[in-house]
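Presented below is the structure to which this report refers.
The values are calculated or read from the model by the stated rules, or taken from the named source; none is laboratory data. Quick caveat, the model's predicted, so the values are computed rather than measured. Virtual Cβ from ideal backbone geometry, glycine too; neighbours counted across all protein chains shown. Side chains included, ligands, DNA and RNA excluded: accessible areas come from the protein's heavy atoms. Shrake-Rupley method; radii C 1.70, N 1.55, O 1.52, S 1.80 Å.
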Amino acid sequence: MPDAASTVRAGVRGLIAAMAMSGMRDFTANIGLLEKSPPEVIVERHAPRKVKRLAAEHRSAIIELAHWGYGTVGGAAFGLLPRRWRADPRIGPLYGLVVWLAFELGIGPLLGVQYREQRRLAHRAMLAVDHMMYGTVVAGRLAPAPEVRP
């Protein structure tokens, strides 16, 4: 049974991983491999008018904060997994892919995120890699916590 410290630690790693994903997305967007990110599309389609009218930099800050919050919750959820699962070095990247697929196949379509230009293979590949990195960081594979070291 996971303890509170494991859950909090995984939540903090989720926050850090979401921040790293933001940097990776900026890079991949600047080199033309990624179009609008799902959080950007969600804000465009579902945010209150007050948010949509904000200056671009303020809207971007809200998008980042929302993404970081989502990443934190996803990290905490990882911390609730059984210890033996969290100890498996494969589970982090797999967890990241599961999070991505859950969004891609469930949450995204419900929110209307999928649109034609986002169906490019390079775009989807970048999102998959980006989520594998997220899972690796959330799992603590780069600096494992004492309770999950084999």
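For the range 12-99, the relative contact order is 42 percent, taking Cα pairs closer than 8 Å that sit 6 or more residues apart in sequence and dividing their mean separation by the residue count. Given a 1.4 Å probe and the protein chains as shown, Phe103 ends up with an accessible area of around 30 Å². For the range 1-96, a simple Cβ point-charge model (Lys and Arg +1, Asp and Glu -1, everything else neutral) yields a dipole of about 240 debye relative to the Cα centre. Since only Pro48, Pro89, Thr136 are under comparison, the one whose Cα sits farthest along the positive direction of the charge dipole of the chain, derived from C-beta charges on Lys, Arg, Asp and Glu, is Pro48. The residues of the chain expose, per residue, 57 Å² of accessible area to a 1.4 Å probe. A 1.4 Å probe over all protein chains sorts Tyr95, Tyr134, Tyr70 by accessible area into Tyr70, Tyr95, Tyr134, starting with the largest. How many nm is it between the label spots at Ile31 and Ala87, if each spot is 7 Å from the Cα in line with the beta carbon? About 3.8 nm, to one decimal. Report summary: the helix-based calculation at 222 nm, which adds -39500 (n - 2.57) for every DSSP H run with n ≥ 4 and divides by the residues of the chain, gives -21500 deg cm²/dmol.
Here the contact order of the chain, divided by its residue count and restricted to Cα pairs under 8 Å and six or more residues apart, works out to 41 percent.
Under a Cβ-Cβ cut-off of 14 Å, what is the net charge of the residues other than Ala17 that fall near it, where Lys and Arg count +1 and Asp and Glu count -1?
+2
Give the carbon-plus-sulfur fraction of the accessible surface of the chain in %, rounded to a whole number; probe 1.4 Å, heavy atoms of protein chains only. Carbon and sulfur: 69 percent of the exposed surface of the chain.
Think of the chain as a dipole: +1 on every Lys or Arg Cβ, -1 on every Asp or Glu Cβ, centred on the Cα centre; then among Leu111, Pro38, Thr28, Leu111 lies furthest on the positive end.
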